[in-house]
Amino acid sequence: MLISLIAEKAEKELIAFIEEVNEQNAAWGALYLRFSQVPLFPAEEEMIELVNPVMKGIKTSIFFCEDGDLFVVWRGMRRNLLQQLTDSIYEGLKNDLAEFAREDLFAYFDLLAHGEELRLICKKKIAAVAPASAPLGSFSTTAAHEAEPSKPQEMAGGVKPLPRRENAASSIRTRQTAIPEEYLERRRLRKQLEILVVEDQFFSVRLMMSILGNEYKIYAEGTAETALERYFTHVPDMVFLDIELPGMNGHELAERINELDPHAFIVMVTASKDAHDAARAKDNRTKGFVVKPYSRQKILDCMERFMNERKPKTEEK
Amino acid sequence: MPVDLTNFRDMISGDKELEKVLFHEFFAAFEKGIENLRANDGDNPEAWRLQAHALKGTALNLGAQALSDFCRKAQEKHTAAAEEKRRVLKEIEQEYKTVKEFLLAELAGS
């Protein structure tokens, strides 16, 4: 069993690989996984877990592109592997892929027949990321069970670790500067308002849900990191955001959300009467500042403000 | 009265079942929170501050004003010596006991 990971300069490596395959007239299949089209992309170890059981004994390489896309390339032309491979990957990641049609995410290439097409895809990717790319190292490892994917930075000098699933929020930060237009369009078209409540105290979340839950769809997250991920994937209409959170605080999260989505409607919620908090919330262009204890009226006032602000925008369209 | 439930009951629209669930959630949050404060009264002032702040918000949302005042005091003393913190923690524990008895009596009466 041999699996190679190409985690940096993957596109260049793949171009070189295609050329080598073509020169040798060797048969190789390639699965193109367009994870740049979904909010999260899998970490190396996750891909190994999903690919490993299917590619038993077959020489396989996984190329991790800068934009999150992957290529799984294997020796031979066993097309029956393709369905098994896509099934394994889709099933393994389905929570993150559930909203996406699988045919949009997977494409198959015969490296001999479609080498040129694949090379063009790689070149396009290189052109897209080139200005932002720093000089990078690369690493590869053989035999998944021998690898230490949790510590890729220790594998070779100069390695820049890939963004990791468990650190999804920071992956999004490095990859995304704005919410994709199709997600925003989905928000514009939705019938029921969706609200994200970011609060680490379940008691307070339940109170908020009891006020809003009958009328609106509520998502609750207990940390800024998971909330950012949720914001990106669900693009809620508004956010009630607690300031004191473990890890990244509510102000920092508000800044991040505003960078991603200039039309975000954020209401800060806090048990603090600190004037600095109110000033920072104002600097962050948040739309409201609720001091605990909540009251039904305070929350409904925020909803009314949201509706009023939204109305003219809707009429403009 | 250690707790004014007027606002809380308005928020949950007088739902007695939810009230019961939330009282028990309140007990769980405080008991866990007090345990965390006890564990962090020495070398982790930020963990102490965050925990005290979280309890303050929960107490405020329930309507337990005196309990939230003790939590605020604990939050402000996050850099104080361990002995001082333990004194504040004792006050929180005593007030929490009063609040819990009150809420249990409410549950028994409903």
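The values are calculated or read from the model by the stated rules, or taken from the named source; none is laboratory data. Predicted model only: the values in this text are computed from it and were never measured. Reconstructed Cβ throughout: ideal geometry from the backbone, glycine too, with neighbour counts over all protein chains shown.
A single member of A:236, A:246 is buried (at least 18 other Cβ atoms within 10 Å of the Cβ) and either without any contact (Cβ under 8 Å) to a residue 60 or more places away in the chain or of a type in the set (Lys, Arg) (or both), and it is A:236. Taking residue A:268 as meeting all but one of (1) closer than 25 Å to residue B:51 by Cβ; (2) away from every other protein chain (no Cβ under 14 Å), write down the number of the exception. Here residue A:268 clears every test but (2).
Residues are listed down the side, and each one gets a yes or a no for (1) within 14 Å of chain B (Cβ to nearest Cβ); (2) surrounded by 13 or more Cβ atoms within 10 Å (Cβ to Cβ); (3) at pLDDT 85 or above:
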residue: A:135; (1), (2), (3): no, no, no
residue: A:148; (1), (2), (3): no, no, no
residue: A:160; (1), (2), (3): no, yes, no
residue: A:170; (1), (2), (3): no, yes, no
residue: A:182; (1), (2), (3): no, no, no
residue: A:193; (1), (2), (3): no, yes, yes
residue: A:212; (1), (2), (3): yes, yes, yes
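Name the residues in segment A:1-51 that are surrounded by fewer than 20 Cβ atoms within 10 Å (Cβ to Cβ), modelled with pLDDT under 85 and among the aliphatic types (A, V, I, L, M), would you? Listed by number, the residues that qualify are A:1, A:2, A:21, A:26, A:27, A:38. Candidates in segment A:282-300 are the residues that are closer than 21 Å to residue A:207 by Cβ and more than 14 Å from chain B (Cβ to nearest Cβ); of these, the one that is surrounded by the most Cβ atoms within 10 Å (Cβ to Cβ) is A:286. Scanning segment B:1-39 for residues being polar (S, T, N, Q), loosely packed, with under 14 Cβ neighbours inside 10 Å and at the interface with another protein chain (Cβ under 9 Å from one of its Cβ atoms) gives a total of 1. Residues in segment B:40-92 that are basic (Lys, Arg) and within 14 Å of another protein chain (Cβ to nearest Cβ): B:49, B:56, B:72, B:73.
This table checks each residue for (1) more than 14 Å from chain B (Cβ to nearest Cβ); (2) more than 23 Å from residue A:193 (Cα to Cα); (3) within 21 Å of the chain's Cα centre (by Cα); (4) crowded, with 23+ Cβ neighbours inside 10 Å.
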| residue | (1), (2), (3), (4) |
| --- | --- |
| A:250 | no, no, yes, yes |
| A:259 | yes, no, yes, no |
| A:263 | yes, no, yes, no |
| A:273 | no, yes, no, no |
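The set of residues in segment B:74-85 that are of a type outside the set (A, V, I, L, M, F, W, C), surrounded by 15 or more Cβ atoms within 10 Å (Cβ to Cβ) and in contact (Cβ under 8 Å) with a residue 12 or more places away in the chain comprises B:75, B:78, B:85. Residue A:307 meets each of the listed conditions (1) among the hydrophobic types (A, V, I, L, M, F, W, C); (2) over 24 Å from residue B:60 (Cα atoms); (3) part of a loop (DSSP other than H, G, I, E, B) apart from (3). Candidates are the residues of segment A:52-82 that are in contact with a Lys or Arg (Cβ under 9 Å, 6 or more places away or on another chain) and surrounded by fewer than 19 Cβ atoms within 10 Å (Cβ to Cβ); the one that is modelled with the lowest pLDDT is A:67.
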